[in-house]
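This report refers to the structure that appears directly beneath it.
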Amino acid sequence: MGVDYSLYLVADADYAAGRDLPGLVEAAVDGGVTIVQLRAKGLGRDAFIELGLSVARRLAGRRVPLLVNDDLDVARACGAAGVHLGQEDMPVPEARRLLGSGAVIGLSVNTAEEAVGAERDGADYVGAGPAFATSTKPTDLPVLGPEGIGTIARATRLPVVAIGGIGAANAARLADAGARGIAVVSAIMGAPDARRAAEDLIRAFKRNQ
């Protein structure tokens, strides 16, 4: 599947905090978001599926893939294009076996070695981070910076999507380092105008391309 990873929105239901998440996603896509991951750690299975179906309806006909964080059952129930997995989640080969060859499967990585392993195991892309310091998703992993993102990008043929602490002010540095895309949560979900935030981010990321 030819996927444009340029501007990757992690639509976090917990971060949305009661706001209209499907509406935020739609506005962000209008502004240039090219792929959406739905994350909802605080929701039960049924509520997660209901939210996924609602987001999928907003994306219908938009050619913007919907991925689900971690949960293959939810991904299948809402017709998502695939899943994004963490290092502690289901192994990529098992997810591939269950979802099929056409599914989009991404894996979070923090090192070049993990990226090489993701490619070997059949992932479609890696989410590399944290690119910069971030408080959105607390982690003990070392901050990579553009240099670390570049090291990972040179180690694998997979598309590398940088995540963590990214905004319009630093997006171009990651593109220059070799990232195929940038993934954001608060830069769009926390913005007063999701569409304008997406426009600013995609413009910044592609500034030197």
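Note the direction-averaged projected area, equal to a quarter of the hull surface, for the Cα convex hull of segment 7-205, in nm².
Working: hull surface 39.6 nm².
Seen from a random direction, the Cα hull of segment 7-205 projects 9.9 nm² on average.
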Where the centre of each part is set by its Cα atoms, how far does segment 8-81 sit from segment 91-147, in angstrom? 19
So for R0 = 22 Å, FRET eff. of Gln209-Glu147 from the Cβ-Cβ r, to 0.05, ends up at 0.65
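For segment 109-169, run through the trypsin sites (Lys or Arg not before Pro) and keep only the ones in DSSP coil with at most 13 other Cβ atoms within 10 Å of their Cβ. Numbers along the way, then the final one.
Details: sites: Arg120, Arg154, Arg157; in loops: Arg157.
Taking segment 109-169 and a limit of 13 other Cβ atoms within 10 Å, the loop trypsin sites (Lys or Arg not before Pro) found are Arg157.
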Add -39500 (n - 2.57) for each DSSP H run of 4 or more in the chain, then divide by its residues: what number comes out at 222 nm, to the nearest 500 deg cm²/dmol? -12000 deg cm²/dmol
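Each value in this text was obtained by applying a stated rule to the coordinates, not by laboratory testing. Predicted, not measured: the structure shown is a model, and the values here were computed from it. Reconstructed Cβ throughout: ideal geometry from the backbone, glycine too, with neighbour counts over all protein chains shown.
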